[in-house]
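The values are calculated or read from the model by the stated rules, or taken from the named source; none is laboratory data. This one's a predicted model, so the numbers in the text were calculated from it and none came from an experiment. Cβ placement follows ideal geometry from the backbone for every residue including glycine, while neighbour counts extend to all protein chains displayed.
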Amino acid sequence: MRSVVGAAILRGGEVLACRRTTPAAAAGRWEFPGGKVEPGEGPEAALIREIAEELGCEVVVTGWLPGTAPIGTTHELTVATARLVSGEPEPHEHDAVRWLAADDLEEVDWLEPDRPFLPALRSAMMTS
């Protein structure tokens, strides 16, 4: 299984969600930003790189949500909590970004691999 990392970027009690444009089956649905871990790269480094590429900002990883989720039969997603250290998220690969409070997480149509992380994320948001 190839590793994919996602970032639950937290700010002011809210988390950043990003709306996909591709592939067609995922277009219009929401996800945690991130991407594939490249050979020889650690998950944290991959996440920092992917956020810089996708959103043009810099984050620091603050922890990891429990568990993993399959993406098809070849990839596996892990999700980190992170916070912005510089820049403002500007979508380069998505068509929209949205900050969501814990009570608003169900307002968007999350991609299936991201959904298992929502309960732990909600708990983390409520206690922070």
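Please enumerate the residues belonging to the stretch 73-108 that are among the acidic types (Asp, Glu), part of a loop (DSSP other than H, G, I, E, B) and surrounded by 14 or more Cβ atoms within 10 Å (Cβ to Cβ).
GLU93
Looking for whichever is under 28 Å from THR127 (Cβ atoms), surrounded by fewer than 17 Cβ atoms within 10 Å (Cβ to Cβ) and modelled with pLDDT of 95 or more here; the options are GLU58, GLU38. Which one fits?
Criteria check complete, one pass: GLU58.
Scanning for something of a type in the set (D, E, K, R) and either assigned to a strand (DSSP E or B) or more than 26 Å from MET1 (Cα to Cα) (or both), does the stretch 109-118 turn up at least one residue?
no
I'd like to verify a number: residues in the stretch 1-33 that are hydroxyl-bearing (Ser, Thr, Tyr) and either surrounded by fewer than 12 Cβ atoms within 10 Å (Cβ to Cβ) or on the phi > 0 side of the Ramachandran plot (or both), how many?
Residues flagged as hydroxyl-bearing (Ser, Thr, Tyr) and either surrounded by fewer than 12 Cβ atoms within 10 Å (Cβ to Cβ) or on the phi > 0 side of the Ramachandran plot (or both) within the stretch 1-33 amount to 1.
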